[in-house]
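Report on one structure; see the data block that follows.
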Amino acid sequence: MRWPRKIALRLRSLFRRDAADAELSTELRFHLERQIAANISAGMHSAEARRAAFSEFGGVEELKEECRDMRKINWLQDLAQDLRYGLRTLRKSPGFTAVAVLTLALGIGANTAIFSVVDALLLRPLPYSNSKQLAMVWEQDVALGERNNVVSPANFLDWQAQNHAFDRMACFADDRANLTGGSGPQVVTGQLTSANFFDVLGIKPILGHAFLPINGTTGNNHVVILSYALWKERYGADPGIVGRSIELDGAAYTVIGVAPQNFDPFFAEGSLTGEHAQLWVPFVLQSAYDRTKTGRYLTVVARLKSGASLAQAQTQMNVIAARLAAKYPDYNRGWGVNVVPIREELSGAVRPALLILLGAVGFVLLIACANVASLFLSRAAGRKKEMAVRAALGARRWRIVRQLLSESVLLAFLGGALGVFLAIWGTNVLLHAIPRKLLDISSALVDFRVLAFAAGATLLSGLLFGILPSYAAAHSGISASLQESGRSSSLNRRNRLIHNALVVTEIALALVLLAGAGLLIESFSRLTHVSPGFNSDHLLTFKLSLPSDKYKTDAADIEFLRALSDKISHLPGVRTVSMENMVPFNGVQDEGVATDVTLPGQGSLPEAQRPDAAVRVVGPGYFGTMGIPLVQGRDFSPVEQAQEKHVVIINNAFARKYFPGASPIGQKITIDMKDTNVPSEIIGIVGDIHGAELSAKPWPTVYWPYPELAYSQMTIVVRTETDPLALVPAAREIVQGMDKDEPISNIDTMDQLISDSVARSRFTTILLAIFAALAVVLACIGIYGVMAYATAQRRNEIGIRMALGAQRADVLRLILGHGAKLALLGAAIGVAAAFGLTRFLSSQLFGTNAGDPAVFAAATVLLIAVAIAACYIPARRAMKVDPMVALRYE
């Protein structure tokens, strides 16, 4: 038979079974009648001819089965039959079905929701051409252990010229600008990039074109590429934007392109602004740089040559770093290079937390499977007679297993379908509940990849919870099952062991989650009790960027900010006003602006060997406004806040590190931040503050008054007596009155900034605590179900015990004792597993040991108490058994 005909026959047999069977019966009848006619022609009587024909053909029904088997689709028909029968069976037990489906839906839904986030951040292809060839290249400060430090422009040019592992290298630096004209002034976050930036990433604008090589030269760099979001929000997605001129910091720039919508700049988390770029402007790289003047401020991205590996690139960059250290020892000694894959750079910070959460929901799914497996075992015990009758009629063990597995997989897919809806809802909840500035998971959708994961989790779940009950049912004794009385049989030893093992497993898994959640809760509690070093209450912050084209001198900047502070200080509800170049907890850096310092008596040292410190430039009354205590010495005087007097205030960390056992007051240090560095006298010591993270130790810090190093970008800090955010409209009106083109941005309260700094820790803690609570609830339900079923099966035994004199308290101890043994065994296994698995939480903990005995003890006691409480209701029910009723139950 030709294949097309075979396929057609099989499809007809599958989808039109009745018609195919009718054709088969007609064909067999035709052959039978021909044989009968042939026998008659051979001289037989009609009855004898018919009997001989049937004898030669054999059993007609058996022959039909053989013909059906030859079509090789019986397994599909049997599967459909099994599924139909399974569906009818589940409909007959709506309570069992509802509990099992809901339990599985919770487990599958939680896994799918978390996987959608993991997929968006860790697995989904990046929106860059051949992203596996992309890498970030950082300078590495060996002495400080800083692996991802920004890069010197001079070193970048040497890297470009000397490396042979990278096909192309690009650089960029974060910046901010005032975008004026049109719908009013707006602060935009931008990036100054090398002309080949978009080419290295493999990104093509959706309108216009990318930067050309000529755009990286002086006089040809006043062009700009807009982000899709800025183009849509400010310019209404105008397709004619290309070729138009826009104003940035008072200078004209021509729009030459619009970036694609999915081009999400991956540098935001490590950027100096802490924000996503809204536009790109070409950066003019000089042919030669004075390393002692330019510092380090570039971020570098590179594309590997075809066939080159990251390991080869790292080896070659190490050689180049050693060569530059030998050639420029004053600047590069002690500095290396770190090559990081782009995927690792993007997800490195969030990967541990996401994998922990994915593991946690995996445990929840395992507990749900154990729960449903326990329900299936109990249900299978009541169907032993049915399975025995099937076996007695000729069903093989595999056929019985397949029938029961079909039911479990069907149940799993019902739970999976509901789980997908829960996942869609859960993903939306995550998108709305995730703290601001924490993760950008706007692309975390339940798409075909996530649905494929859900389908796989569903199938695996069905097999996990169905295989043990199916095996137990298929291996039950036929004779014993057929001889049992009408009520459901008591649990045999094998089933009891399986039930107990499932309960122990649930308790162990729940304890691991409970211990992990307890460690994170303890860690978060300690983190939130760390003092930031200042008073954050009723403190408003907002940022200003004064364009250099309009405010051409430091004196102009100083005068504008002085007048602004004076006007804001007279607003109702304002107590004090000051300013700083980099406000604490701005989400960018812990150390502020780091630089080298020269200590008294040190003389001239190579730059790589000089001490370093954070530098903060502050306005009048800053320490009083912030609530930072003055420990020793004095504050800046009004004259020092108006003119350069070369004075500085240091923090305790600076004094401890660089002046141990001596008073630094009156000493002079040189801060390397000017073209001409003049020694500054230390006039005071203030308390330490945390810069960006409560978990990080305070850096050695020096404070300069604003005239010493005037910044064009400053953050205004306002101490209020009322709601700080209520002051924003008035402050904006004052700024607009002074300069109509000057916007304010980054409006926040200090309490909100501190809250944002612990957002990741809080979010991970809350989610893991929710999953742990869900695991405990599921384990509790599982224990209750097993104990209730086991108690019901032991009614005879309990009745006999009570008839022989056992008291209700004895029965209570019997049931609770059994539950307590299982709980203790599960807790012991869970504690051992938790000690090993919670080590993965170490990177997420603050001030807490991953093996904290107090947390483990509390989790163990809580879970055992919950387990015993779950056993109490079945135990109470057992205490009320009437001995006579139990003995007559048969």
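The values are calculated or read from the model by the stated rules, or taken from the named source; none is laboratory data. Predicted model only: the values in this text are computed from it and were never measured. Don't worry about glycine lacking a Cβ; one is built from the backbone with ideal geometry, like all the others, and counts go over all protein chains shown. Ligands, DNA and RNA are excluded from the accessible area calculation, which covers all protein heavy atoms including side chains. Shrake-Rupley method; radii C 1.70, N 1.55, O 1.52, S 1.80 Å.
Restricting attention to the range 204-214, which residues are surrounded by 18 or more Cβ atoms within 10 Å (Cβ to Cβ), closer than 19 Å to residue 300 by Cβ and either of a type outside the set (Phe, Trp, Tyr) or in contact with a helix residue (DSSP H, G or I) (Cβ under 6 Å, 6 or more places away or on another chain) (or both)?
Across the range 204-214, the qualifying residue is only 210.
Matching residues to (1) among the small types (Gly, Ala, Ser); (2) at pLDDT 85 or above; (3) out of contact with any Leu (no Cβ under 7 Å at 6 or more places or on another chain):
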{"residue": "738", "(1), (2), (3)": "no, yes, no"}
{"residue": "745", "(1), (2), (3)": "yes, yes, yes"}
{"residue": "750", "(1), (2), (3)": "no, yes, no"}
{"residue": "753", "(1), (2), (3)": "no, yes, yes"}
{"residue": "772", "(1), (2), (3)": "yes, yes, no"}
{"residue": "777", "(1), (2), (3)": "no, yes, yes"}
{"residue": "784", "(1), (2), (3)": "no, no, yes"}
{"residue": "791", "(1), (2), (3)": "no, no, yes"}
{"residue": "795", "(1), (2), (3)": "no, no, yes"}
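For a quick check of your reading: which helices (runs of 4 or more DSSP H) sit entirely within the range 735-830 and have at least 1 residues that are touching a strand residue (DSSP E or B) at 6+ places or on another chain (Cβ under 9 Å) and crowded, with 19+ Cβ neighbours inside 10 Å?
In the range 735-830, 750-757 are the helices (runs of 4 or more DSSP H) which contain 1 or more residues that are touching a strand residue (DSSP E or B) at 6+ places or on another chain (Cβ under 9 Å) and crowded, with 19+ Cβ neighbours inside 10 Å.
Has the range 546-553 got at least one residue that is open to solvent by 20 Å² or more (accessible area, probe 1.4 Å), at pLDDT 90 or above and not in a helix (DSSP H, G or I)?
no
In the range 281-336, which residues are assigned to a loop (DSSP other than H, G, I, E, B) and among the charged types (D, E, K, R)?
Result: 290, 296, 305, 333.
Residues in the range 147-169 that are open to solvent by 30 Å² or more (accessible area, probe 1.4 Å) and in contact (Cβ under 8 Å) with a residue 12 or more places away in the chain: how many?
The number of residues fulfilling the criteria is 10.
Which pairs turn up if I take residues in the range 863-879 that are farther than 18 Å from residue 826 by Cα and look for partners that are open to solvent by 60 Å² or more (accessible area, probe 1.4 Å) and part of a helix (DSSP H, G or I) with beta carbon separation below 6 Å, at least 6 apart in sequence or on another chain?
879/808
Of the residues that make up the range 726-733, is at least one in contact (Cβ under 8 Å) with a residue 40 or more places away in the chain, more than 39 Å from the chain's Cα centre (by Cα) and not in a strand (DSSP E or B)?
Yes - at least one qualifying residue is present in the range 726-733.
Could you tell me whether the range 341-356 includes any residue that is at pLDDT 85 or above, open to solvent by less than 10 Å² (accessible area, probe 1.4 Å) and either part of a helix (DSSP H, G or I) or not charged (D, E, K, R) (or both)?
Yes, the range 341-356 contains a residue that is at pLDDT 85 or above, open to solvent by less than 10 Å² (accessible area, probe 1.4 Å) and either part of a helix (DSSP H, G or I) or not charged (D, E, K, R) (or both).
With respect to the numbered conditions (1) charged (D, E, K, R); (2) open to solvent by 60 Å² or more (accessible area, probe 1.4 Å); (3) modelled with pLDDT of 80 or more, which one is the sole condition not fulfilled by residue 882?
(3)
Quick check on the range 333-344. Is at least one of its residues among the hydrophobic types (A, V, I, L, M, F, W, C), out of contact with any helix residue (DSSP H, G or I) (no Cβ under 8 Å at 6 or more places or on another chain) and closer than 16 Å to residue 164 by Cα?
No; the residues of the range 333-344 include none that is among the hydrophobic types (A, V, I, L, M, F, W, C), out of contact with any helix residue (DSSP H, G or I) (no Cβ under 8 Å at 6 or more places or on another chain) and closer than 16 Å to residue 164 by Cα.
Which of the residues belonging to the range 622-654 are in a loop (DSSP other than H, G, I, E, B) and under 42 Å from the mean Cα position of the chain (by Cα)?
627, 628, 629, listed by residue number.
Check the range 163-171 and report whether any residue there is of a type in the set (Phe, Trp, Tyr) and touching a helix residue (DSSP H, G or I) at 6+ places or on another chain (Cβ under 7 Å).
Yes, the conditions are met somewhere in the range 163-171.
If I filter the range 554-580 down to residues being more than 24 Å from residue 720 (Cβ to Cβ) and of a type in the set (A, V, I, L, M), which single residue comes out as surrounded by the most Cβ atoms within 10 Å (Cβ to Cβ)?
558
Table: residues versus (1) open to solvent by 30 Å² or more (accessible area, probe 1.4 Å); (2) over 14 Å from residue 649 (Cα atoms); (3) under 34 Å from the mean Cα position of the chain (by Cα).
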| residue | (1), (2), (3) |
| --- | --- |
| 685 | no, no, no |
| 689 | no, no, yes |
| 694 | no, yes, yes |
| 703 | no, no, no |
| 708 | no, no, no |
| 714 | no, yes, yes |
| 719 | no, yes, no |
| 724 | no, yes, yes |
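I'm checking my understanding of the structure. Among residues of the range 262-280 that are in a loop (DSSP other than H, G, I, E, B) and modelled with pLDDT of 85 or more, which one is least open to solvent (accessible area, probe 1.4 Å)?
277
Taking the range 831-862, which residues are open to solvent by less than 40 Å² (accessible area, probe 1.4 Å), touching a residue at least 60 places away in the same chain (Cβ under 8 Å) and not in a helix (DSSP H, G or I)?
Answer for the range 831-862, where residues must be open to solvent by less than 40 Å² (accessible area, probe 1.4 Å), touching a residue at least 60 places away in the same chain (Cβ under 8 Å) and not in a helix (DSSP H, G or I): 845, 848, 850, 852.
Looking for something closer than 30 Å to residue 767 by Cβ, buried (at least 18 other Cβ atoms within 10 Å of the Cβ), among the acidic types (Asp, Glu) and under 30 Å from the mean Cα position of the chain (by Cα) - is there at least one such residue anywhere in the range 123-146?
no
Suppose we filter the range 774-816 for residues that are in contact (Cβ under 8 Å) with a residue 60 or more places away in the chain and under 26 Å from the mean Cα position of the chain (by Cα); how many remain?
Residues meeting the conditions: 5.
Taking the criterion of being touching a Ser or Thr at 6+ places or on another chain (Cβ under 6 Å), modelled with pLDDT under 95 and open to solvent by less than 20 Å² (accessible area, probe 1.4 Å), would at least one residue in the range 581-602 satisfy it?
Yes, the range 581-602 has at least one match.
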